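What follows is a structure written as structure tokens; I'll ask about it next.
Values in this text are rule-based calculations from the coordinates and carry no lab data. Computed from a predicted structure; not experimentally measured. Quick reminder, even Gly has a Cβ in these numbers, built from the backbone with ideal geometry, and neighbours come from all protein chains shown.
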Amino acid sequence: MTTRISLTLDCTDATLLGRFWKTALGYVDEPPPAPFTTREEWHASFDLPADDSVDDGAWLCDPDGIGPPLSILKVPEPKTAKNRLHIDVRVPGHGSPEERWARIRAKAELLVTAGGTAVEEFDGHHIVMADPEGNEFCVAAAQRDG
């Protein structure tokens, strides 16, 4: 049996980054774990400080169940350095190198509209970007579909 991973991203605004990463990955809000019917009910089951809000987190998942879940959690300290691990957003589809590059650029433009920043282009290969809080990631062609 293989080990599965989930990803956790620290932030200062979980709602903002949750919206951004849903756009970037095509993810949806992850349902709360059983037996809870809402995230608020699940959150209330923990003995947390009074100022800890369910809005301090966003829990996302791949609607097809293929990609790893992504938790986005508010932390008190700001981002101070380059990520040591980053996400590659892989744009699906086949075609010529020019067609793949056009899809990469279109996805990057969509993510700029959603609040991201294009940092550097490696023409024909990938685009380094940052989410609204400066977390680095790349937009590139899928290595394979499926």
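Restricting to Cα pairs below 8 Å that are 6+ residues apart, what does the relative contact order work out to for the stretch 87-141? Please round to a whole percent.
Numbers: 90 pairs, mean separation 22.7, N = 55.
So the answer I get is 41 percent.
For the stretch 7-74, rounded, prolate or oblate, judged on the Cα gyration tensor with a ≥ b ≥ c (square roots of eigenvalues), a/c < 1.5 rounded, else prolate if a/b > b/c?
oblate
Using θ = phi - 60° and the Karplus curve 6.51 cos²θ - 1.76 cosθ + 1.60, what whole-Hz ³J(HN,Hα) does each residue of the stretch 91-108 get, with Gly and Pro shown as x?
Karplus-based 3J(HN,Hα) across the stretch 91-108 equals 7, x, x, 9, x, 5, x, 5, 5, 5, 5, 4, 5, 4, 5, 5, 5, 4 Hz.
Given the DSSP H assignment, sum -39500 (n - 2.57) over each helix run of at least 4 residues in the chain and divide by its residue total; what's the result at 222 nm in deg cm²/dmol, nearest 500?
The per-residue figure over the chain is -7500 deg cm²/dmol.
Here's something else I'd like to know. Near residue 128, within a Cβ-to-Cβ distance under 9 Å, what is the net charge of the other residues, with Lys and Arg +1 and Asp and Glu -1?
With Lys, Arg at +1 and Asp, Glu at -1, the neighbours total -3.
Is the shape of the chain best called rounded, prolate or oblate, per the rule: a/c under 1.5 gives rounded, else a/b larger than b/c gives prolate, else oblate, with a ≥ b ≥ c the square roots of the Cα gyration tensor eigenvalues?
It comes out prolate by the Cα gyration axes.
Additional query: Using mean Cβ contacts within 10 Å as the protection proxy, how do 88-97, 50-59, 124-133 order, highest first? Intermediate results must be reported in sequence, preceding the final value.
Working: 88-97: 13.1, 50-59: 15.3, 124-133: 18.3.
Going by the mean number of other Cβ atoms within 10 Å, highest first, we get 124-133, 50-59, 88-97.
Would the stretch 55-103 count as rounded, prolate or oblate if I go by the C-alpha gyration tensor, calling it rounded below 1.5 in a/c and otherwise prolate when a/b exceeds b/c, oblate otherwise?
Cα axes put the stretch 55-103 in the oblate bin.
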